[in-house]
């Protein structure tokens with residue numbers, strides 16, 4: 001089936017959600033459409049890993065290994081988050097029109113995120129990235145509190161500012177390609193023209209895009225909006241924002257690496273390694289000061305994005321494999337963390353770490369989910385994040401990047417303690433009676449948590465052979 | 001022996017004039033004391049952007065650039081001011097001074113330093129034969145992007161922030177019409193659509209913020225941050 005349907009289905013669903021139907025209609029439509037998109041992305045991924053080329057519109061819509069992986073992750077998280085939204089929204093005091101708006105917006109947001117990996121023309125990819133901001137900002141502000149508005153405002157201003165810088169970068173990239181005699185402005189066309197590009201132009205383009213899209217991917221120094229937006233949004237939206245939106249923007253930066261690698265005389269490995277390490281360092285400092293458990297997971301995203309960029313900077317095929325594995329394990333574990341945080345919020349009514357104690361006794365599902373999520377995202381064995389981080393470290397050590405790799409290991413270890421200490425207090429501490437036990441947890445939320453938990457646990461111990469092939473192909477896309 | 005400089009055609013000279021005025025408008029947005037002034041400078045800047053696109057599209061004839069010019073006039077000088085006027089009439093016509101972190105003379109000096117920086121950064125990329133349009137538009141475009149970012153950093157109010165964002169986008173486009181004149185048209189169409197969505201969403205937000213805190217001084221929204229634990 002044509003990959004174009006991946007973009008058509010959510011657009012139709014968004015229109016259907018705008019109709020004034022009775023209450024669970026929006027949730028059902030969204031769940032059905034994201035499930036259909038998941039089926040379509042699985043078929044695309046299956047075709048790609050079997051070695052077929054997947055082309056929707058030549059020169060515009062195409063999918064290779066890396067795109068197929070991103071599509072698969074976006075659709076998986078999108079489906080589970082839609083399931084989680086069903087019960088979560090039913091428990092919030094939102095008006096019917098607001099809920100309709102939420103589901104319409106949700107489908108459009110999903111559409112924009114699916115467009116990023118599917119489109120191969122960088123200028124249109126830029127537009128898709130900008131639309132991911134513009135279409136998710138209303139979801140971030142959904143609670144309509146002063147804090148939610150503040151978070152949404154910072155989100156819009158900083159990421160659109162970054163997008164304007166990235167736009168200039170993309171135009172400079174086009175210029176560099178044209179000077180080098182390239183004619184087709186696609187990822188492949190750029191790659192073909194790269195050996196003849198002027199190094200100065202290519203490097204300026206890369207730096208502008210790194211800074212600009214880095215703002216959106218949560219890289220330091222323009223990361224300040226991320227903990228706000230990723231903590232104030234409703235939990236299913238947080239799962240999408242933190243789990244896949246940041247990675248799909250990082251994907252655009254990663255796409256440039258093999259292109260820029262072919263340009264003579266560039267130093268981009270040093271840039272990516274430095275920006276990645278600095279992002280991780282700042283995130284670890286922030287993790288030790290955090291008081292809100294949703295912010296804890298949000299800041300951990302900054303740390304993971306830094307790690308991924310640093311892994312890209314190590315620049316070997318083993319590091320690239322670790323990197324794409326890390327993208328996958330991060331997407332599943334981080335979205336699980338936000339479902340866990342969502343049911344913890346429903347169970348306790350507070351986001352304050354110090355107010356929640358002994359959750360395992362007051363609400364066993366929320367407590368155990370939070371513990372599992374913390375362990376999975378902090379990188380405890382045998383979860384997938386541990387394996388992918390280990391793969392990155394091993395790649396760094398075999399290549400002789402001893403200093404950078406030891407810094408990476410130290411920062412990941414510090415982040416582990418910074419995440420697990422508050423989680424441990426929240427789950428096992430003596431109940432202090434501050435948090436009010438909420439109503440029973442919605443069944444759809446528990447189902448989403450359960451399904452996500454199965455994925456998180458399973459992929460830590462067993463990666464199916466087709467998925468492994470897909471990861472290999474995705475890593476091969478990044479190779480120079 | 002130095003090669004003789006080629007005579008500049010009238011389109012190139014007029015384009016350079018447009019570039020100068022475009023940059024001046026970017027400074028105007030840094031220096032304007034009232035929201036109304038920011039809007040007027042933004043409209044003027046968009047007119048110079050469109051004029052530059054028309055001029056660069058004349059010789060050699062590039063119909064793409066005419067489309068860019070028409071789209072710019074339509075979206076940035078007509079639709080966005082109309083939309084903001086409909087949504088935020090009081091905000092635009094308020095007569096109080098915009099609150100800013102750094103005073104205006106200092107801001108202008110910092111802005112000047114940013115322009116110098118833009119020229120320094122782009123100079124190595126523009127050898128003598130690089131095309132006159134790119135030599136004018138690329139440094140000025142980058143300078144406008146930097147000035148817009150600077151405006152966002154010092155002006156913590158909703159409307160000036162919006163004009164900072166739009167100014168950055170215009171700056172990138174101003175460079176783009178010279179260095180990438182034959183971009184696929186779809187990119188320009190979706191870009192124009194994008195700017196409209198941006199203005200609409202910021203408008204909606206400004207109204208919501210006004211309802212919550214009684215003003216649009218978004219700098220006062222500062223409750224979200226990490227603090228040392230107990």
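The values are calculated or read from the model by the stated rules, or taken from the named source; none is laboratory data. This one's a predicted model, so the numbers in the text were calculated from it and none came from an experiment. In this analysis, Cβ positions are derived from the backbone assuming ideal geometry, glycine residues included, and neighbour counts consider all displayed protein chains.
Checking segment A:114-129 against the condition returns a match, with at least one residue being free of Cβ contacts under 8 Å to residues at least 40 places away in the same chain, within 25 Å of the chain's Cα centre (by Cα), facing chain B (nearest Cβ under 7 Å) and surrounded by 19 or more Cβ atoms within 10 Å (Cβ to Cβ). For segment B:166-177, the count of residues that are at pLDDT 90 or above, away from chain A (no Cβ under 12 Å) and either within 20 Å of residue B:18 (Cα to Cα) or not in a helix (DSSP H, G or I) (or both) is zero. At least 1 residues being surrounded by fewer than 24 Cβ atoms within 10 Å (Cβ to Cβ) and out of contact with any helix residue (DSSP H, G or I) (no Cβ under 6 Å at 6 or more places or on another chain) is the threshold, and among the helices (runs of 4 or more DSSP H) wholly inside segment A:219-323 those reaching it are A:246-261, A:268-287. Can you spot a residue in segment B:117-138 that is in contact with a strand residue (DSSP E or B) (Cβ under 8 Å, 6 or more places away or on another chain), assigned to a helix (DSSP H, G or I), away from chain A (no Cβ under 11 Å) and at pLDDT below 95? Looking through segment B:117-138, none of the residues is in contact with a strand residue (DSSP E or B) (Cβ under 8 Å, 6 or more places away or on another chain), assigned to a helix (DSSP H, G or I), away from chain A (no Cβ under 11 Å) and at pLDDT below 95.
Out of curiosity, is residue B:149 within 9 Å of chain A (Cβ to nearest Cβ) and either outside any loop (DSSP other than H, G, I, E, B) or in contact with a strand residue (DSSP E or B) (Cβ under 7 Å, 6 or more places away or on another chain) (or both)? Yes. Condition check for residue A:140 on (1) farther than 30 Å from residue A:199 by Cα; (2) without any contact (Cβ under 8 Å) to a residue 60 or more places away in the chain: one failure, at (2). Going through (1) part of a helix (DSSP H, G or I); (2) surrounded by fewer than 19 Cβ atoms within 10 Å (Cβ to Cβ) one by one, residue A:463 falls short only on (1).
Residue A:163 falls short on exactly one of the conditions (1) within 7 Å of chain B (Cβ to nearest Cβ); (2) at pLDDT 90 or above, and that condition is (1).
The single residue among A:168, A:190, A:139 that is in a helix (DSSP H, G or I), facing chain B (nearest Cβ under 7 Å) and on the phi < 0 side of the Ramachandran plot turns out to be A:168.
Among residues of segment A:304-315 that are touching a residue at least 24 places away in the same chain (Cβ under 8 Å), those with a Cβ under 7 angstrom from a residue that is part of a loop (DSSP other than H, G, I, E, B), sequence gap 6+ or separate chain, pair up as A:305/A:218; A:305/A:219; A:306/A:219; A:309/A:219; A:314/A:399; A:314/A:401.
Count of segment A:10-51 residues, restricted to those that are closer than 28 Å to residue A:468 by Cβ and part of a helix (DSSP H, G or I), is 16.
So is residue A:182 within 7 Å of another protein chain (Cβ to nearest Cβ) and either modelled with pLDDT under 90 or touching a strand residue (DSSP E or B) at 6+ places or on another chain (Cβ under 9 Å) (or both) or not? No, not satisfied.
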